[in-house]
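Report on the following structure.
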Amino acid sequence: MTQVDPYAKVHLDGKRLIVTGGGSGMGKEAALLFAGRGAKVTIADVNVAGAEAVVEQITAAGGAAHFVETNLTVDADVQRLVERAVAQYDGLDGAFNNAGIIGPVGSVADLSFDEWQKVIAVNLNAVFLSLKHEINYLVENGGGSIVNTVSTAGRFAYPNLPAYVASKHGALGLTRQAAYDYAGRGLRINAVLPGSTETPLAAAALEDPVIAEGVKKAQPIGRLGQPAEIAEVAAFLLSDAASFVVGADFYVDGGVSVNP
């Protein structure tokens, strides 16, 4: 009889997971890490070239992954994503809802309503739609685990990012509410709150050396985060090692939240 190490639970062997925004940045690193830990990954993104490259990298290494082009702000697209994920791997065990944008920089009065709506659509509405369709499947099929990427902006204000901060506060509230509502139905729903991280999304702002230096100094650890460091925490939350973790928001921010 095979002996199982009771302390070796931080793996994802056989888990069938969706990763949204998996074509670049944190989503890409998460998809690679999850597959490397034994998961079968469905990547959702509008970035076709990036997502297909991630799938190729995973499969070349002997892992399991496929891509579903998805506009996460469209209800029918998200429903199709979950259906395709279930069909591909004969089920679904969880998801890392990671896709997001920063949006325009400016004060509340400077922001156009269209700019506001775009950020809310991607950072909040898409999280709602993803949760809705993932939960509908999981509660009827044995439960599972969902992790949402929020941000330290889900807890704190940042200069001239009103839509981003509002959307992330909303996404954290939605995560906590869903976690509370479904904890007794076999679902664990949690959030990761990254600090400033080296991703293509942040690259434009960090091209300014003054901004880049300011961001680094604001983080007690003295550097930016790496996407794989965020993915490691998400992997833990999706694993069976986190079996008693529900409705938590994990800061992965180099110490910013210690003294905001």
>> Accessible area per residue for region 59-154 in Å², computed with a 1.4 Å probe and the full protein assembly in place, what is it?
In response: 44 Å²
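By per-residue mean of other Cβ atoms within 10 Å, what is the highest-first order of 176-186, 228-238?
Details: 176-186: 14.8, 228-238: 22.3.
Listed from highest to lowest mean packing, they are 228-238, 176-186.
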> Measuring from a point 7 Å past the Cα of ARG80 along Cα-to-C-beta, which residues in region 125-142 have an amide N at less than 20 Å?
Replying inline: 125-137
> How far is it, in nm, from the label point at PHE156 to the one at ALA228 when both lie 7 Å from their Cα along the line to the Cβ?
Replying inline: 2.7 nm
>> Please compute, over every Cα-Cα pair in region 24-138, the percentage with a separation greater than 16 angstrom.
In response: 62 percent
> Short version: ³J(HN,Hα) in whole Hz for each residue of region 141-155, in order, from phi by Karplus 6.51 cos²θ - 1.76 cosθ + 1.60 (θ = phi - 60°), x for Gly and Pro, what are they?
Replying inline: 9, x, x, x, 9, 10, 10, 9, 7, 10, 3, 4, 5, x, 10
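For the chain, what does the helix formula give at 222 nm: sum of -39500 (n - 2.57) over DSSP H segments with n ≥ 4, over the residue count, nearest 500 deg cm²/dmol?
Values: 9 runs with 111 residues, N = 260.
Calculated from helices alone, the mean residue ellipticity at 222 nm is -13500 deg cm²/dmol.
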> Want the number for VAL48 to ALA203: 0.36 nm per residue separation, take away the alpha-carbon distance, what's left?
Replying inline: 53.8 nm
> Of all the accessible heavy-atom surface of the chain, with the other protein chains kept in place and a 1.4 Å probe, what percent is carbon and sulfur?
Replying inline: 54 percent
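Tell me the volume per residue, in Å³, of the convex hull enclosing the alpha carbons of region 122-260. Display every interim value, and only then the final one.
Working: hull volume 15.3 nm³, N = 139.
Value for region 122-260: 110 Å³ per residue.
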> With a Cα-only, solvent-free Debye model of the chain, what are the log10 I(q)/I(0) values at q = 0.10 Å⁻¹?
Replying inline: -0.46
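The values are calculated or read from the model by the stated rules, or taken from the named source; none is laboratory data. Bear in mind that the values here come from a model prediction, so they are computed numbers and not experimental data. All Cβ positions, glycine included, derive from the backbone under ideal geometry; neighbour counts span all protein chains shown. Surface accessibility is based on the protein's heavy atoms, side chains included, excluding ligands, DNA and RNA. Shrake-Rupley method; radii C 1.70, N 1.55, O 1.52, S 1.80 Å.
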